[in-house]
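The values are calculated or read from the model by the stated rules, or taken from the named source; none is laboratory data. This one's a predicted model, so the numbers in the text were calculated from it and none came from an experiment. Every residue, glycine as well, gets a Cβ built from its backbone with ideal geometry; the counts of neighbours run over all protein chains shown.
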Amino acid sequence: MYSAYVDEVWHQFVLFTVEYSKFCTKYFGSYRHHFPSNAPGASVGGPPEATLAEFGARYREIFGVDLPQVWDDSRCVTPHRRIVNRYCGRLVLGSVDGMAELTDGSGRVFLSVNDIAREALRFIAGTGAFYVRELPGDLTDEEKIALIAGLVETRILRVG
């Protein structure tokens with residue numbers, strides 16, 4: 001799911017079974033069961049998830065309008081937003097040519113930024129949940145928001 005907000009609304013919507021069933025039939029041709037990707041025992045290795053851009057194009061095909069901004073959690077990052085790091089403890093902080101890098105430890109670089117963000121990246125790599133305002137270092141609120149929004153957009157972090 002691309003948006004924590006939309007996911008929550010979806011969970012509420014399925015409680016209204018008749019209305020949900022009619023919606024599914026109208027827009028998808030049949031009832032759509034909900035299979036949370038974070039459920040215990042959720043299958044791994046299914047079809048790759050579409051990018052937000054691909055999802056937006058399909059949304060436009062089905063509903064005839066552009067994807068509303070509420071679907072993009074990276075647009076709702078503020079200093080007071082709680083962030084969840086499901087990769088806590090698995091992210092590795094590195095450095096190349098004066099740039100701080102956040103990697104998966106096997107060479108895959110998720111983010112490379114100016115070294116001024118090093119302490120913030122160290123904090124992110126080792127913290128499971130935090131508020132954007134808690135990022136350490138000399139970053140402005142605007143820089144903290146941009147850093148977190150980029151990691152939310154790439155789905156390394158989630159709003160929570």
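In table form, for the structure just shown:
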{"read-out": "One residue from Gly56, Gly105, Gly46 being closer than 23 Å to Thr154 by Cβ and at pLDDT 90 or above", "value": "Gly56"}
{"read-out": "Residue in the stretch 117-150 that is nearest to Ala53 (Cα to Cα), counting only those that are touching a residue at least 60 places away in the same chain (Cβ under 8 Å) and crowded, with 18+ Cβ neighbours inside 10 Å", "value": "Ala149"}
{"read-out": "Among (1) out of contact with any helix residue (DSSP H, G or I) (no Cβ under 6 Å at 6 or more places or on another chain); (2) in contact (Cβ under 8 Å) with a residue 12 or more places away in the chain; (3) within 21 Å of Tyr5 (Cα to Cα); (4) outside the structural domain of Thr25 (by the TED database) - the single one Phe63 does not satisfy", "value": "(4)"}
{"read-out": "Criterion: without any contact (Cβ under 8 Å) to a residue 60 or more places away in the chain and surrounded by fewer than 16 Cβ atoms within 10 Å (Cβ to Cβ) - qualifying residue of Thr51, Thr78, Thr103", "value": "Thr51"}
{"read-out": "Selection from the stretch 2-24 of residues that are in contact with a helix residue (DSSP H, G or I) (Cβ under 7 Å, 6 or more places away or on another chain), of a type in the set (A, V, I, L, M) and farther than 17 Å from Val77 by Cα", "value": "Val14"}
{"read-out": "First in the stretch 16-27 and under 18 Å from Ile62 (Cβ atoms), second anywhere and of a type in the set (A, V, I, L, M, F, W, C) and loosely packed, with under 12 Cβ neighbours inside 10 Å, Cβ under 7 Å, 6 or more apart", "value": "Tyr27/Ile62"}
